[in-house]
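The values are calculated or read from the model by the stated rules, or taken from the named source; none is laboratory data. Everything numeric here is computed off the predicted structure, so don't read it as measured data. Counting neighbours? That spans all protein chains shown, and the Cβs are built from the backbone with ideal geometry, glycine included.
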Amino acid sequence: MSSNKKYWKSVEELNDSSIVETLKQNEFVQEIPVDEFLGDKEALEGSSTTRRDFLKYVGFSTAAASLAACEGPVKKSIPYIVQPQEIIPGVANYYATTIADGFDFASVLVKTREGRPIKIENNTMAATNGSANARVNASVLGLYDSLRVQGPKKDGASVSWDDLDAEVIKQLTKAAEAGKDVVLLTQTFASPSTSKLISEFKEKYGNVRHVVYDAVSESAALDAYQAKYGERGLANYDFSKAMTIVSIGADFLGDWQGGGFDSGYAKNRVPDHGKMSRHIQFESNMSLSGANADKRVPLTPSEQKLALAKLHSLIVGGGYAGKQLPAKVDDAVKKAASQLKKAGSNGLVVSGIQDLNAQTVVLEINEALASKAFDSKTPIKTRQGSDKDVATLVSDLKAGKVGVLIMSGVNPVYTLPNTADFAEGLKNTFSVAFSMKADETSTLANYIAAAPHYLESWGDVELKKGHYALTQPTIRPLFSTRQFQESLLKWTGNDVSYLDYIKDAWGTGILSGGSFNQALHDGVFVGTIAVETEDTTDVSSEDTETPASNAASALARSVKGTEGLELTLYSKTGMGDGQQANNPWLQEFPDPITRTSWDNYLTVSKADAEKLELVNENEATGALNGSYANVTVNGNTITVPVIIQPGQAIGSVGLSFGYGRKAGLKEEMMTGVNAYALYSNFNTVQNVSVQKVDGKLHEFACVQLHNTLMGRGDILKETTLEVFNTKDKKYWNAIPTVSLDHEPVEVTSQDVDLWDEFDRSIGHHFNLSIDLNACTGCGACVIACHAENNVPVVGKEEVRRSRDMHWLRIDRYYSSAETFDGDNAKKEEMSGLWGEKGSLGGFGEMEDPAENPQVAFQPVMCQHCNHAPCETVCPVAATSHGRQGQNHMAYNRCVGTRYCANNCPYKVRRFNWFLYAENDEFDYYMNDDLGRMVLNPDVVVRSRGVMEKCSMCIQMTQKTILDAKRDGREIKDGEFKTACSAACSSGAMTFGDINDKGSKVAKLKEDNRMYHLLEHVGTKPNVQYQTKVRNTTEA
Amino acid sequence: MKKSYQRLEVNLTNNMKQVIHRNLSKNILRFGLIILLAFTTSLSAQDGDPAKGKSLFNANCAACHKLDKKMTGPALRNVEQRLADEQGLDRDWIYAWIRNSSAVIKSGDAYANKIYEEYNKAAMTAFPQLSDEDIDNILAYTAQEKTPPPSGGNGNVTVNPVEPIDQGISNEIILGALAILFILLAAGLYLVNKTLRRFAAAQNIELPEATKRKPLWKAFVENQFLMLVVAIFFLLSSAYFVYGYLMQIDINQGYQPVQPIHFSHKIHAGDNGIDCKYCHSSARVSKTSGIPSLNVCMNCHKSIYEYNGETTAEHSKEFYDGEIQKLYAAVGWSDSEQKYTGESKPVKWVRIHNLPDFVYFNHSQHVSVGGQECQTCHGPVEEMEVLYQHAPLTMGWCIDCHRTTNVKVEDNEYYEKIHAELSKKYGVEKLTVAEMGGLECGKCHY
């Protein structure tokens, strides 16, 4: 039975159910803050205004206000002088472009309205590693950041570009004369034209060094690839060709090696003809990949190295020379090895261990397997940084050997572990920082060269060898900015624009006869011949370390006994390397695993937390508090709040990059702590000692315990591949029954329905199908929904009060592992008693799920019930049902009783407790003119006091219908989209018209795996879920 | 696209001229005579026919030339005479120039090159299709004397639409007569009354004195029931009026703001019959109808620099010409130099039709798909000298129309299936918008 498993959402739910109980009964945990506007009692009593006077004032001001309101404001409309041919007011234009900010690389489509980019979408034409993830989706907001540097600056004062140019050229020649180095410290551009440009710059000024710096380094993997294949790059993996995936510490669904592997991975996760891929994850932090794995083995980072060495010995041979692994892990490695061997070329091994030998071992294993998914011919080019070069640069800077330092796309003062050294070195040199912000580094540099956003820039990117992409501006530069390449052209005395330079570079090499305009239109171009580009990195093969001749044994031997805990640093799905820290969408984006927003934290296993006396507590409101801990690496101590993370390997802790920014962002965004301070030697694994800090607890903005689904089961159906293949649907995906005349009747039957069925067979009837197998929980849909529907950002305090406004949330459920079959009978009894303390405690005793739970993600938005409970309770009929299946919400009619939210079994309705636009209390993007440019003009910005929720993107479906009507044609399957389904690159979300019998979603509705959320309630939703199937077969 | 614009310009100039005809009936008569002559007598080639010439001129030349004003090309009044007098060029040179000016320029002709330089090296379009006779006709037209502008006295409202003046007068007479009759009657009664009283006094008949009764108002106040009824009535009626007042707040029907440029829809859409969607082209494809950008205005106003239509005391020719100058100033067009100066200043029109943000309205749905006339909602725009909001733009108004209007399904494949099935379900021949789902909240509110 699918309901065998008990789902719980947090440790608290297991330990202390009283709070959970309270929350289950109260959707809104706090009273309306009347004190805020009524003032305190003392002030009221001290006032000389009598009650009568007060009423007089109220009466007068009401009359005055209503009189004033009778005069409508005069609105001005200003047309173009000369209307650009391609712009029709009210009609969106799409441009293909590419984001390449050094961390995220993806081909995207940009939706512009009246010349303003308002949304990032996937460029379906370009499936080169990486669709738009949550950060890329959110990147459009960075364009309208009110804290952008609006022009070149010297020591905080504005200067002209001419002055800057003159000064830079003077300094460059001075440095050349003095024999000092000129260093270009840049992000990974992976840009053929920029490489060419830099080599021209080198020619002109001599002693020029180009140092490529990735904030989160993949240097070890790059070195390993370079040593083996002679080219600097990262091996490419096509996960759609892998049926057995073993990952050792690689969060390949996250940002591992540049990310973008999720769509390939998801393809084999959906059972097709009884087959699906098997994914085994060895890791210490609970990552997205681990959460999606069929089998997850928690182990410390040093054990990971041993496990990898062992795996190597089992597959490639050559013996195992390391320490003994714990029996459980050893067994898991052996099983993984046998499954890999069985899979042969369908197997794949990946690893995220930042170690040259480890990465070499991975390459060797994949070669030995002849893995089809392993592609060493077209390496990924989006990481090129070299740790060694950066380290040399810092010491050179300190020694005063560098005359001129030009930085672009990097923020080393924030991202380097030895920031003080770098900052000191900066004083010895003339420095220019190309930056969009007055951030930590650029404020210390002599000049800030205001850089444009990528949506204002030209550029080209070689995403992987032979696969090129173009960046084009989608808006005229908002400020007096000039991009790095344009400046280099100027400083080399080249008069051509960067666009012409790219055209020239492409025309002579890459295009080989292809059309530039076509490539620009598509955004991508796949070269037929490999183009030799200049070696940009200055990392010649002598420079890089070479792996030991027997990498595996070297790897195994390198593991020594460790004291204290092992820390694994990682990048969070929302924040990445921290460039977009001033992006309120990303700050408020709840982490898929911890469901915590506006923070980073130390993840600690339950066992270690008990040992260290670290606690997590929930307030009566459900808000989460956690202890602080001092984390020390080599005498470097930072104080971090703690979250107890189920699945965290005992003996390990985790901490994410990207937080703790201090410059170039609003105060509200200065959240978390800077983990780069612990990133010594660019190694993500560090030995740390952790001490509890006594005193007050940290207040998290965690949505984890909020919006509980009333403890009702059958929310997330799950089964194993074996059961799925062998048993009848009734066994693993039964429709709930009720008793009618003492006969069980399926709830979907009309006989037991409270309402009459409305005939929806004519016209469109929209359904959204969500495949729990394909959903990786990446959260791109959450941000896409934000952007499309003008969902407001409410801030940390409000999220803590569970007033987050996300229309679409991705619930994360931890489950107990597969070890309690024998307790079935007892458990089933208990599942009937869900909600009573005894049973929850009983489960706690019965299992120890916190050690290594299975995880499932479930995106939940308005289910658009055909028999919607919300509609029947609205006293003003503000929410009603459309024939096309959508549950409508007329904001202008809503009076804010919130009955609908109380009556919604899915808890998907969101109430506007405040006015979030043009309100200084909520100083996010909706509070300034610049930020409001991102708003979608087709969707209204809701006001205070109204309820809102997912509309199934009715503005998009209506537009599709209108376009078809205007063209006088029928609508094809695939034309209907919602923001979330369009953003989903893993294919988990399918949207369409079920009255179109040939449509994909109509077929999915008939699928055996299909079920509805809380089906027994009888709401008949228009959102379907596909049962999660796990491939637990150990063969 | 550009070509069609040019065609339209030509048509427009035609229309403008026709307006002049109407005004100057004398001229029409004279032209009529000439036309008559043209049919009866065969004129020699040398003389040409000014009437034919005029239509040829309007069709071919008027886009760039005016008779009395330098435009893209030079003014052409008495061009032949001038060329002969000043440059010594004969009609053959003109033939050659018109048919292929660039060839003449290439041949090194001094005057041709001079003209070419003078007009920004914009070569004149070649007209090889014009015969000698055509050109003669055009020249004959250009050789005509300039007609004096209509004198100030009868410049105002020269053409009176057939106004119901007679009826108005007769109504007034009847009313006046009735009034006089009543006055006479009242006077008569008063006199009779007075006379009777005098008779009574004369004959000593005692008139009964009116006894002092309780005043009516006092009786009224004392009657509690009546007071109650009145109070209820008063409350109800005041509630009615307050409700009425409140309900019309922010309903801006009739809103007629003063615009920065006096743009007359009457002249453009009415007198000249320009299609609404020529200027408001985005209404066809977009949610907004779009306020035309100034370059659209200049499609025509590059050559229409003055107003020659009907005028009123309030809006004289000078007034309208001044408004055109405002346009030139905004778009940065130098009429004397016939080129753009590059100094533009956007026009801040006052928006008349304002829907609240929470309403989604799409013009193309109504105009392109629904085939609605603009006037259905915007009223008789072609009669509006100053545009105003015709419809209340309330939800009730929208809904009323959706309830009664049929969906235009003809030749639209999208509707084929759904209309067939739905009309069968509802048992109607044609579906209204409401039956199609046009009353659902979410169709307009999101």
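Considering each of B:Tyr360, B:Tyr414 in turn, give the residue that is within 8 Å of chain A (Cβ to nearest Cβ) and over 30 Å from B:Gln253 (Cβ atoms).
Every option except B:Tyr414 fails the conditions.
Please go through the range B:260-277 and give me each residue that is within 14 Å of chain A (Cβ to nearest Cβ) and not in a loop (DSSP other than H, G, I, E, B), ordered by number. Break it down into steps so the answer makes sense when it comes.
Here is the first cut: in the range B:260-277, the ones within 14 Å of chain A (Cβ to nearest Cβ) are B:260-261, B:263, B:277.
Listed by number, the list holds a single entry, B:Lys277.
Going residue by residue through the range A:975-995, is there one that turns out to be closer than 20 Å to A:Phe724 by Cβ and modelled with pLDDT of 90 or more? Quick ask: steps written out before the conclusion?
We begin by selecting, within the range A:975-995, every residue closer than 20 Å to A:Phe724 by Cβ; these are A:986-988, A:990.
Narrowing further to those that are modelled with pLDDT of 90 or more: A:988, A:990.
Yes; the residues of the range A:975-995 include at least one that is closer than 20 Å to A:Phe724 by Cβ and modelled with pLDDT of 90 or more.
Inspect the range A:92-99 for any residue being within 14 Å of chain B (Cβ to nearest Cβ) and either free of Cβ contacts under 8 Å to residues at least 40 places away in the same chain or within 25 Å of the chain's Cα centre (by Cα) (or both) and give the result as yes or no. Show your work before the answer.
Kept after step one, since they are within 14 Å of chain B (Cβ to nearest Cβ), are these residues of the range A:92-99: A:92-93.
Remaining after also requiring either free of Cβ contacts under 8 Å to residues at least 40 places away in the same chain or within 25 Å of the chain's Cα centre (by Cα) (or both): A:92-93.
Checked against the condition, which is being within 14 Å of chain B (Cβ to nearest Cβ) and either free of Cβ contacts under 8 Å to residues at least 40 places away in the same chain or within 25 Å of the chain's Cα centre (by Cα) (or both), the range A:92-99 yields at least one hit.
Tally up the residues in the range A:825-878 that are in a helix (DSSP H, G or I) and either among the hydroxyl-bearing types (Ser, Thr, Tyr) or at pLDDT 60 or above (or both), please. Lay out the reasoning, then the answer.
In the first step, residues of the range A:825-878 are kept if they are in a helix (DSSP H, G or I); the result is A:825-831, A:837-846, A:869-873.
Those still in the list that are either among the hydroxyl-bearing types (Ser, Thr, Tyr) or at pLDDT 60 or above (or both) too: A:831, A:839, A:869-873.
Final tally of qualifying residues: 7.
What pairs can you find where one residue is in the range A:324-347 and more than 17 Å from A:Leu555 (Cβ to Cβ), the other is assigned to a loop (DSSP other than H, G, I, E, B) and of a type in the set (Lys, Arg), and their Cβ atoms are less than 8 Å apart, with a gap of 6+ or different chains?
A:Ser345/A:Lys372; A:Asn346/A:Lys372
Residues in the range A:398-408 that are within 25 Å of A:Leu569 (Cβ to Cβ) and touching a strand residue (DSSP E or B) at 6+ places or on another chain (Cβ under 6 Å): how many?
Filtering the range A:398-408 down to residues within 25 Å of A:Leu569 (Cβ to Cβ) leaves A:398, A:407-408.
Filter once more, keeping what is touching a strand residue (DSSP E or B) at 6+ places or on another chain (Cβ under 6 Å): A:407-408.
Looking only at that region, the number is 2.
Going residue by residue through the range A:221-239, is there one that turns out to be in a strand (DSSP E or B) and among the aromatic types (Phe, Trp, Tyr)?
Filtering the range A:221-239 down to residues in a strand (DSSP E or B) leaves A:234-237.
Filter once more, keeping what is among the aromatic types (Phe, Trp, Tyr): A:237.
Scanning the range A:221-239, I find at least one residue that is in a strand (DSSP E or B) and among the aromatic types (Phe, Trp, Tyr), so the answer is yes.
Test B:Val367 against the stated conditions and say whether it is at the interface with chain A (Cβ under 8 Å from one of its Cβ atoms) and either part of a loop (DSSP other than H, G, I, E, B) or surrounded by 15 or more Cβ atoms within 10 Å (Cβ to Cβ) (or both).
Numbers: at the interface with chain A (Cβ under 8 Å from one of its Cβ atoms): no; either part of a loop (DSSP other than H, G, I, E, B) or surrounded by 15 or more Cβ atoms within 10 Å (Cβ to Cβ) (or both): yes.
For B:Val367, the condition - at the interface with chain A (Cβ under 8 Å from one of its Cβ atoms) and either part of a loop (DSSP other than H, G, I, E, B) or surrounded by 15 or more Cβ atoms within 10 Å (Cβ to Cβ) (or both) - is not met.
From A:Gly102, A:Gly151, grab the single residue that is in contact with a Ser or Thr (Cβ under 6 Å, 6 or more places away or on another chain), crowded, with 24+ Cβ neighbours inside 10 Å and in contact (Cβ under 8 Å) with a residue 40 or more places away in the chain.
A:Gly102
Please verify whether the range A:576-586 includes one or more residues that are surrounded by fewer than 24 Cβ atoms within 10 Å (Cβ to Cβ) and within 21 Å of A:Thr776 (Cβ to Cβ). Lay out the reasoning, then the answer.
Residues of the range A:576-586 that are surrounded by fewer than 24 Cβ atoms within 10 Å (Cβ to Cβ), as a first pass: none.
Among the residues of the range A:576-586, not one is surrounded by fewer than 24 Cβ atoms within 10 Å (Cβ to Cβ) and within 21 Å of A:Thr776 (Cβ to Cβ), which makes the answer no.
A:Lys606: more than 21 Å from the chain's Cα centre (by Cα) and more than 30 Å from A:Phe922 (Cα to Cα), yes or no?
Numbers: more than 21 Å from the chain's Cα centre (by Cα): yes; more than 30 Å from A:Phe922 (Cα to Cα): yes.
The answer is yes for A:Lys606.
Residue by residue, here is whether (1) part of a helix (DSSP H, G or I); (2) of a type in the set (S, T, N, Q); (3) within 11 Å of chain B (Cβ to nearest Cβ); (4) without any contact (Cβ under 8 Å) to a residue 60 or more places away in the chain holds:
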site: A:Trp913; (1), (2), (3), (4): no, no, no, no
site: A:Val940; (1), (2), (3), (4): no, no, yes, no
site: A:Ser943; (1), (2), (3), (4): no, yes, yes, yes
site: A:Met956; (1), (2), (3), (4): yes, no, yes, no
site: A:Ile961; (1), (2), (3), (4): yes, no, yes, no
site: A:Ala964; (1), (2), (3), (4): yes, no, yes, yes
site: A:Ala982; (1), (2), (3), (4): yes, no, no, no
site: A:Leu1004; (1), (2), (3), (4): yes, no, no, no
site: A:Asn1008; (1), (2), (3), (4): no, yes, no, no
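On the basis of being closer than 13 Å to A:Gly763 by Cα and within 12 Å of chain A (Cβ to nearest Cβ), does B:His445 make the cut?
no
Mind listing whichever residues of the range B:427-439 are in a helix (DSSP H, G or I) and either farther than 17 Å from A:Gly882 by Cβ or within 10 Å of chain A (Cβ to nearest Cβ) (or both)? Spell out the reasoning first.
Step one: list which residues in the range B:427-439 are in a helix (DSSP H, G or I), which gives B:434-438.
Of everything in the range B:427-439, those that are in a helix (DSSP H, G or I) and either farther than 17 Å from A:Gly882 by Cβ or within 10 Å of chain A (Cβ to nearest Cβ) (or both) turn out to be B:Met436, B:Gly437.
Counting only residues that are over 20 Å from B:Ile304 (Cα atoms) and outside any helix (DSSP H, G or I), how many does the range B:49-63 have?
So the first thing to find is which residues in the range B:49-63 are over 20 Å from B:Ile304 (Cα atoms), and the list is B:49-53.
This time we only want the ones that are outside any helix (DSSP H, G or I), so: B:49.
Counting residues in the range B:49-63 that are over 20 Å from B:Ile304 (Cα atoms) and outside any helix (DSSP H, G or I) gives 1.
Which fully enclosed strands (runs of 3 or more DSSP E) of the range A:279-396 have 3 or more residues being under 30 Å from the mean Cα position of the chain (by Cα) and crowded, with 23+ Cβ neighbours inside 10 Å? Please lay out each step first, then the result.
Numbers: elements: A:295-298, A:347-351, A:374-380.
Because the criterion is at least 3 residues that are under 30 Å from the mean Cα position of the chain (by Cα) and crowded, with 23+ Cβ neighbours inside 10 Å, the strands (runs of 3 or more DSSP E) in the range A:279-396 that meet it are A:295-298, A:347-351.
Based on this model, can you work out whether A:Phe976 counts as part of a loop (DSSP other than H, G, I, E, B), of a type in the set (A, V, I, L, M, F, W, C) and in contact (Cβ under 8 Å) with a residue 24 or more places away in the chain? Give the steps one after another, and end with the answer.
On the way: part of a loop (DSSP other than H, G, I, E, B): yes; of a type in the set (A, V, I, L, M, F, W, C): yes; in contact (Cβ under 8 Å) with a residue 24 or more places away in the chain: yes.
Yes: the conditions hold for A:Phe976.
In the range A:152-172, which residues are under 37 Å from the mean Cα position of the chain (by Cα) and not small (Gly, Ala, Ser)?
Of the residues in the range A:152-172, the ones under 37 Å from the mean Cα position of the chain (by Cα) are A:152-158, A:161.
Hits for the range A:152-172 are A:Pro152, A:Lys153, A:Lys154, A:Asp155, A:Trp161.
Might you check whether a residue that is farther than 19 Å from A:Lys692 by Cα and within 21 Å of the chain's Cα centre (by Cα) occurs anywhere in the range A:613-630? Break it down stepwise before answering.
So the first thing to find is which residues in the range A:613-630 are farther than 19 Å from A:Lys692 by Cα, and the list is A:619-623.
Right, trim to within 21 Å of the chain's Cα centre (by Cα) and you get none.
Within the range A:613-630 (the criterion being farther than 19 Å from A:Lys692 by Cα and within 21 Å of the chain's Cα centre (by Cα)), the answer is no, since none of the residues qualifies.
Quick one: in the range B:244-265, which of the residues that are modelled with pLDDT of 90 or more and touching a helix residue (DSSP H, G or I) at 6+ places or on another chain (Cβ under 6 Å) is nearest to B:Lys326 (Cα to Cα)?
Step by step, filter the range B:244-265, then rank; the result is B:Ile261.
Would you check if B:Gly370 is within 30 Å of B:Asp68 (Cα to Cα) and at pLDDT 90 or above?
Working: within 30 Å of B:Asp68 (Cα to Cα): no; at pLDDT 90 or above: yes.
In short, no.
Do you know which residues across the range B:353-385 are touching a Lys or Arg at 6+ places or on another chain (Cβ under 9 Å) and more than 22 Å from A:Ile954 (Cβ to Cβ)? It would help to see each step written out before you state the result.
At the first step, the residues of the range B:353-385 found to be touching a Lys or Arg at 6+ places or on another chain (Cβ under 9 Å) are B:354, B:358, B:360-365, B:367-372, B:374, B:381-385.
Across the range B:353-385, the qualifying residues are B:Asn354, B:Gly371, B:Gln372, B:Cys374, B:Val381, B:Glu382, B:Glu383, B:Met384, B:Glu385.
When you go through A:Thr1027, A:Thr978 one by one, which is the residue that is under 27 Å from the mean Cα position of the chain (by Cα), surrounded by 23 or more Cβ atoms within 10 Å (Cβ to Cβ) and of a type in the set (S, T, N, Q)? Outline the logic, then answer.
Working: A:Thr1027 fails: surrounded by 23 or more Cβ atoms within 10 Å (Cβ to Cβ).
When all the criteria are applied, what remains is A:Thr978.
Looking at (1) within 11 Å of another protein chain (Cβ to nearest Cβ); (2) farther than 14 Å from A:Trp807 by Cα; (3) hydroxyl-bearing (Ser, Thr, Tyr), which one does A:Tyr924 not meet, given that it meets all the others?
Checking A:Tyr924 against (1) within 11 Å of another protein chain (Cβ to nearest Cβ); (2) farther than 14 Å from A:Trp807 by Cα; (3) hydroxyl-bearing (Ser, Thr, Tyr), the one that fails is (1).
Yes/no per residue for (1) of a type outside the set (Lys, Arg); (2) closer than 21 Å to A:Ile81 by Cβ; (3) within 14 Å of another protein chain (Cβ to nearest Cβ):
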residue	(1), (2), (3)
B:Met298	yes, yes, yes
B:Tyr307	yes, no, no
B:Glu310	yes, no, no
B:His315	yes, no, no
B:Phe319	yes, no, no
B:Glu323	yes, yes, no
B:Ser334	yes, yes, no
B:Tyr340	yes, yes, yes
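Return yes or no: is A:Ser749 exposed (fewer than 14 other Cβ atoms within 10 Å of the Cβ), within 18 Å of A:His1012 (Cα to Cα) and touching a strand residue (DSSP E or B) at 6+ places or on another chain (Cβ under 9 Å)? Before the answer, list the steps.
Working: exposed (fewer than 14 other Cβ atoms within 10 Å of the Cβ): yes; within 18 Å of A:His1012 (Cα to Cα): yes; touching a strand residue (DSSP E or B) at 6+ places or on another chain (Cβ under 9 Å): yes.
So A:Ser749 fits the description; yes.
Away from every other protein chain (no Cβ under 11 Å) and among the aromatic types (Phe, Trp, Tyr): does that describe B:Tyr388?
Working: away from every other protein chain (no Cβ under 11 Å): yes; among the aromatic types (Phe, Trp, Tyr): yes.
So B:Tyr388 passes the test.
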